[in-house]
1. If the only charges are +1 at each Lys and Arg Cβ and -1 at each Asp and Glu Cβ, what is the size of the charge dipole of segment 78-233 around the Cα centre, to the nearest 20 debye?
2. Kirkwood Rh, segment 161-265, all Cα pairs: how many Å?
3. Please tell me the relative contact order of segment 42-145 in percent, rounded to the nearest whole number, where contacts are Cα pairs under 8 Å and at least six residues apart.
4. Would you please name the trypsin sites (Lys or Arg not before Pro) within segment 110-210 that are DSSP coil residues with at most 15 other C-beta atoms within 10 Å of their C-beta?
5. Under the Kirkwood approximation applied to all pairs of distinct alpha-carbon atoms, what is the hydrodynamic radius of segment 42-145 in Å?
Amino acid sequence: MENNGFMRQHILNGLAAALVAASAACVGKTAAPAAPTIVDQTSTIVAALNASVPTPQSPANSETITASRSTGPTLVATAGPSTVVAQYRFSVLGDNGAVVEDSGLVSSLTWTVPVVLTPKATYSWRVRAEYQGLLGPWSAAAAFSTPDALPAYNRPVGEWTQCGALADDFQLVACVHAAIKPTDTVSAFEVTKRVAWLRRDQGAGLLIKGSGENTIVWQGISFSAARICFVNGHIYKLMTDTGVGGQNAPTYADSGFVDRSLYVPAIDPAKP
């Protein structure tokens with residue numbers, strides 16, 4: 001019996017020692033920090049974008065916009081309050097529902113279509129909010145019509161046909177420029193048409209440019225107002241700072257190459 005008591009006491013002493021050691025080990029360690037709480041704000045952002053669906057203001061109700069020689073209409077929308085600083089995307093659609101112009105992301109609820117749209121046509125437009133890849137719903141579409149094309153350039157033109165005798169390309173451009181005296185995109189295109197016509201025996205023609213600034217619709221095609229194109233796709237810029245208030249200064253600058261499908265043979269500038 002004495003031996004059994006001794007054994008029980010020995011076991012109890014061992015357990016007590018182990019507990020003391022374990023307790024000491026715990027005291028010497030620092031508790032691991034709790035994992036950070038991740039808050040998913042996607043639903044909040046999407047809700048904010050939905051809450052600020054823009055509303056088209058102008059043009060609307062199938063109104064006919066004011067004619068312009070260099071740009072399309074200015075689109076104006078409004079939007080309600082939002083908890084995020086969103087950007088906006090405008091989209092212009094043709095009467096077949098296809099997108100013909102897209103603004104990309106802009107910071108304003110106002111955007112000017114950078115090209116002259118087809119005269120006497122019907123278009124619609126819409127706008128939506130976007131934020132860091134999250135897309136708000138499109139607004140309701142608003143419709144508008146384009147007016148008749150503005151009259152062709154009809155200011156008095158000086159003698160320009162004799163400029164074709166000049167071998168130097170810049171001198172030829174400067175000569176035609178002096179006869180036309182361009183002050184805007186339309187009159188700048190009159191220079192381009194004539195330079196291409198005078199160099200047609202060398203393969204010079206016009207450059208199709210369906211969008212962007214400094215485009216002119218002529219003969220049913222949207223052309224670059226200040227660049228000529230050769231049959232191999234080589235293009236040259238004929239004027240700098242083209243447009244109303246610009247220098248509209250003559251130059252002859254190599255602008256690289258484009259796809260040859262954008263080349264149109266020179267057209268007689270006397271055609272309406």
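What follows is calculated from the coordinates using simple rules that are stated; it is not laboratory data. Just so it is clear, the structure is predicted and the values come from calculations on it, not from any experiment. Cβ coordinates were reconstructed from backbone atoms using ideal geometry, including for glycine residues, and neighbour counts include every protein chain displayed.
1. 100 debye
2. One over the average 1/r among Cα pairs gives 13.3 Å for segment 161-265.
3. Dividing the mean separation by the residue count of segment 42-145 yields 37 percent.
4. Hits after loop and neighbour filter: Lys120.
5. Details: mean 1/r = 0.0715 Å⁻¹.
Computed over Cα pairs of segment 42-145, the Kirkwood hydrodynamic radius comes out at 14.0 Å.
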